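K.L.:
A single structure is presented below for examination.
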Amino acid sequence: MNLFLRSFFSIRTLVSVILVLLVAFTSSYSQEAKKVAPADSPEAKPSTTNPNVDPKSKAYSLRKKSWISLRYLRTSLLNFGKKADWDTSLSDYAKAESAFQRGDWDPAGNQFQTLKTKLDQLAENQAKDVFNRSDALEKDIQPKVVDLKLNTEAPGRQYIPVMEKHLQIYRDTWQAAKLEREIGNQGQNLYFAKQGLLQLYKAKILLEKAKEGKLESEERLSKNKVLETDYLTPEEVKYWDDCLEVLNESEEKNRQKEKQAILSVYQSRTGKKPADLKPPAQTESEGKK
């Protein structure tokens, strides 16, 4: 019996030693296999998608971000007296683009990085201005919408659902701008800031229409309430144009032509001029001529 037990324990010990050696050999083989991984193995390839590692990818990424910021800044810089900043930014982008097209990835990436930093600052400052205006305008509009909803006898209640929709879109764009701002996309942040302010202006226009009630054609002409922008102040109209990504100076000329055309049609149909008609206001550039 004792001989049997001794033999049993000896065999168990031998099996244990064999298992330990097998595990050690397998681990050693696995490590050696990793060291000699073939060239096409994913473990042997450095990442080429990280813009911070690959100069070409970095240049592409910075070029795209710079272009977006440049696009949304154009009208803002030109509409608000910052043409010098626009000209400089445009020149810097052209230089970086030339290096990019030649395949000089490191110089192009560095130039786009410098430009992006500058554009981000310009876009951030402009967005702050837009957000400040939006915040003040929302605080002015929201109580009036609530009051209109509670006053069952007030005219213009048919505008309430549309006004509330504009206010909701404003809040959605505010959230979208916040997300873009947090990840460093100042160009997109500016875009959503503008879209939010535009929604508030649309809500304000409807509030003004609700306040004055339904106007006949002659009344609208005589009170100079012909176009949507006639319900906004001249300064608000400039921001309205900027939100639409158009130049205020050229749009003012287009609006005056449109008003004149509407007036001409009215006169040809009725044979008279609207009473106390206010002449179309001159643009600032036209007044200087």
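K.L.:
Please tell me if residue 111 is surrounded by fewer than 17 Cβ atoms within 10 Å (Cβ to Cβ), without any contact (Cβ under 8 Å) to a residue 40 or more places away in the chain and farther than 30 Å from residue 203 by Cβ.
P.N.:
In short, no.
K.L.:
Out of 76, 91, 98, 61, which single residue is in contact (Cβ under 8 Å) with a residue 40 or more places away in the chain, on the phi < 0 side of the Ramachandran plot and hydroxyl-bearing (Ser, Thr, Tyr)?
P.N.:
Just one listed residue meets the conditions, 76.
K.L.:
Would you check if there is a residue in segment 129-144 being at pLDDT 95 or above and either small (Gly, Ala, Ser) or not in a helix (DSSP H, G or I) (or both)?
P.N.:
yes
K.L.:
I'm checking my understanding of the structure. Among residues of segment 191-213 that are of a type outside the set (Gly, Ala, Ser) and touching a residue at least 60 places away in the same chain (Cβ under 8 Å), which one is farthest from residue 127 (Cα to Cα)?
P.N.:
Across segment 191-213, the extreme among qualifying residues is 207.
K.L.:
On to the next question. If you take the residues of segment 244-254 that are crowded, with 18+ Cβ neighbours inside 10 Å and without any contact (Cβ under 8 Å) to a residue 60 or more places away in the chain, which of them is nearest to residue 71 (Cα to Cα)?
P.N.:
251
K.L.:
When residue 245 is evaluated against the numbered criteria (1) touching an Asp or Glu at 6+ places or on another chain (Cβ under 8 Å); (2) not in a helix (DSSP H, G or I), which criterion, by number, is the only one it fails?
P.N.:
Of the numbered conditions (1) touching an Asp or Glu at 6+ places or on another chain (Cβ under 8 Å); (2) not in a helix (DSSP H, G or I), the odd one out for residue 245 is (1).
K.L.:
Considering 167, 137, 122, 148, which residue is more than 17 Å from the chain's Cα centre (by Cα) and under 20 Å from residue 245 (Cβ atoms)?
P.N.:
Answer to the check: 137.
K.L.:
Select, from 180, 219, 208, the only residue that is surrounded by fewer than 18 Cβ atoms within 10 Å (Cβ to Cβ), in a helix (DSSP H, G or I) and either under 16 Å from the mean Cα position of the chain (by Cα) or not assigned by TED's automatic domain parsing to the domain that holds residue 270 (or both).
P.N.:
Going through 180, 219, 208 in turn, just one is surrounded by fewer than 18 Cβ atoms within 10 Å (Cβ to Cβ), in a helix (DSSP H, G or I) and either under 16 Å from the mean Cα position of the chain (by Cα) or not assigned by TED's automatic domain parsing to the domain that holds residue 270 (or both): 208.
K.L.:
Among the residues of segment 144-169, write down those that are of a type in the set (Ser, Thr, Tyr) and surrounded by 17 or more Cβ atoms within 10 Å (Cβ to Cβ).
P.N.:
159
Yes/no matrix, rows are residues, columns are (1) farther than 24 Å from residue 180 by Cα; (2) at pLDDT 95 or above; (3) in contact with a Leu (Cβ under 6 Å, 6 or more places away or on another chain):
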| residue | (1), (2), (3) |
| --- | --- |
| 46 | yes, no, no |
| 85 | no, yes, yes |
| 90 | no, yes, no |
| 100 | yes, yes, no |
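The values are calculated or read from the model by the stated rules, or taken from the named source; none is laboratory data. Being a predicted model, the structure only gives us computed values, none of them experimental. Methodologically, a virtual Cβ is constructed for each residue, glycine included, from the backbone with ideal geometry; neighbour enumeration extends over all protein chains shown.
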